[in-house]
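Student: Have a look at the structure that comes next, please.
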Amino acid sequence: METKTNILLAKLINLHPKYIDLSLKRLKKLLYKLGNPHFHLPKTIHIAGTNGKGSVQSFIRNILITNGYSCDAYISPHLTKFNERIILNDKEVSTYKLYKALKYVKEINNNNPITFFEITTAAAFLLFQKSKSDYLILETGLGGRLDATNIIPKKICSILMPISLDHEEFLGNTLKKIANEKLGIIKNSDFILVSKQKKEVNNYIKKNLIKFKNLYLYGKNYKITKLIKNKFEFEFNKSKKFINKPKLNGLHQIENASVAVAFSEIISQNGLKINFKKLNFAIKNTFWPGRLEIINYKNKKIILDGSHNIDGAKRLKNFLKIEKIKPTVIFGMLNNKNINFFLRTIKNQISKVLAIKIPNEKNAFFTNEIIKYCNLLSINNSEIKNINEALKYIQKSNEKVFLVTGSLYLVGKIRTKFL
């Protein structure tokens, strides 16, 4: 069944000449033929942003599940297999259910042009409609305004995670243009929750959302006021409490956790019962793979981090600096990313780059291109031909700490070898 599903997924990619073509028209027509399943979804939380979407959905999902509520989620991209994208009551969709849904929407679509993300989103909506869970968390795939997930008519909450430069060829080349695309998700939301943002983005959001009375801003309505050893002090509408720090690595994960706690405070004020002890347990024990994830492998420490944009590079650099480590980096990246800025940002916190082309990704940088950038930045480097060669290098090397970064696709492909 898994092989049949993978073959079917490959066919769906070829239904449109472009992998990305932002529009809601094609999906709207298909959903109409499917009986408009997006009109019958669980209470929905919609998340947009450049970074942190996956982490905050994982925090919120864990809080809801720990408090006894059923919760679905729609996530992208996946690390290892497509099933990871569709969560039904806290479990990955079975390959059987996934295949049936994909096969059905393909038949109904009748070979009409539609992007891969659009048609798989239609399949996900069918599955979410049938699951009848209490809540659904939707991550946008790209942007917000014209993202396939934004076709839903109503949300209980729209969340804007940190916005920075990424996917400029689709969303615009300035922070304001990108923020405007992300703001497209806030329509018909019971309340809007905004994470900590860059000053320029924050000012733009406040200016454009000043008329909304249901707006909750970091720094105004909620914030982190203090960090101690195992906890952080959280303030919501001038009321303070101590929350467990998450086990997820990186200071930014505390900020992500604060968004989930703010969400819990808001829905508690609106009648949903959230137990504080269970919330604290959920925050501490949330797991989100491939984001500063540390795995011990044959007496070596392997850090897996899917960072691939400017802000991701800065957070990675801060983590390495705080931990006082300079790892050897197994590095691969898609060629629409700012490789020069990424490597320049982390160069003083690493010892060497092992350049690798991401397997089976036609739009990935070739190793000679990565090496060229490393040489320009005076970064010690060498070439790794494939993942098996990378594993052999790790095993034979005297170095104790390795970092895999530059792409979630690369992290996903290597992660399976360590588990």
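Student: Pop out the ³J(HN,Hα) list for region 353-364 in order, Karplus 6.51 cos²θ - 1.76 cosθ + 1.60 with θ = phi - 60°, rounded to Hz; leave Gly and Pro as x.
Tutor: Each residue of region 353-364 in turn: 10, 9, 7, 9, 7, 4, x, 6, 10, 5, 9, 8 Hz.
Student: Could you calculate the FRET efficiency of N275 with K28 from 1/(1 + (r/R0)^6), where r is the beta carbon distance between them and R0 is 35 Å, rounded to 0.05?
Tutor: On the way: r = 40 Å, r/R0 = 1.15.
So, using R0 = 35 Å, E works out to roughly 0.30.
Student: Test of understanding: ordering F117, F170 by Cβ neighbours within 10 Å, fewest first, what list do you get?
Tutor: Ordered by Cβ neighbours within 10 Å, fewest first: F170, F117.
Student: Determine the distance separating the Cα centre of region 210-250 from the Cα centre of region 39-82; give it in Å without decimals.
Tutor: Distance between centres, Cα-based: 20 Å.
Student: Another one. Which of rounded, prolate, oblate describes region 293-418, given a ≥ b ≥ c as roots of the alpha-carbon gyration tensor eigenvalues and a/c under 1.5 marking rounded, otherwise prolate only if a/b is larger than b/c?
Tutor: It comes out rounded by the Cα gyration axes.
Student: Looking at the chain as a GNM with Cα springs under 10 Å, which of L304, L27, L251 has the largest mean-square fluctuation?
Tutor: L251
Student: Another one. Quick one: which of K247/K321; K130/K213; K33/K106; K11/K182 span more than 23 angstrom between C-alpha atoms?
Tutor: Among K247/K321; K130/K213; K33/K106; K11/K182, the Cα-Cα distance tops 23 Å for K130/K213; K11/K182.
Student: Another one. Between region 313-365 and region 167-189, what's the alpha-carbon centroid distance in Å?
Tutor: 26
Student: Grab the DSSP H runs of the chain that are 4 residues or longer, score each as -39,500 (n - 2.57), total them, divide by all residues and round the 222 nm result to the nearest 500 deg cm²/dmol.
Tutor: -12500 deg cm²/dmol
Student: I need R315, R145 ordered by Cβ neighbour count within 10 Å, fewest first.
Tutor: Working: R315 21, R145 18.
Sorted ascending by nearby Cβ count, the order is R145, R315.
Student: What is the packing order of peptides 362-372, 66-76, taking the mean over residues of other C-beta atoms within 10 Å and listing the highest first?
Tutor: 66-76, 362-372
Student: Normalise the Cα radius of gyration of the chain by 2.2 N^0.38 Å (N = residues in it) and let me know the number.
Tutor: That ratio works out to 0.97.
Student: Between K207, K28, K100, where does the largest GNM mean-square fluctuation fall for the chain, given springs only between Cα atoms within less than 10 Å?
Tutor: Among K207, K28, K100, the largest GNM mean-square fluctuation belongs to K207.
Student: Next up: Taking every DSSP beta bridge that has both residues in the chain, what percent is antiparallel when rounded to the nearest 5? Please list the in-between numbers first.
Tutor: Numbers: 21 of 58 bridges.
DSSP beta bridges in the chain are roughly 35 percent antiparallel.
The numbers here are math on the coordinates, done by the rules we state, and not lab data. Everything numeric in this text was worked out from a predicted model, so none of it was measured. In this analysis, Cβ positions are derived from the backbone assuming ideal geometry, glycine residues included, and neighbour counts consider all displayed protein chains.
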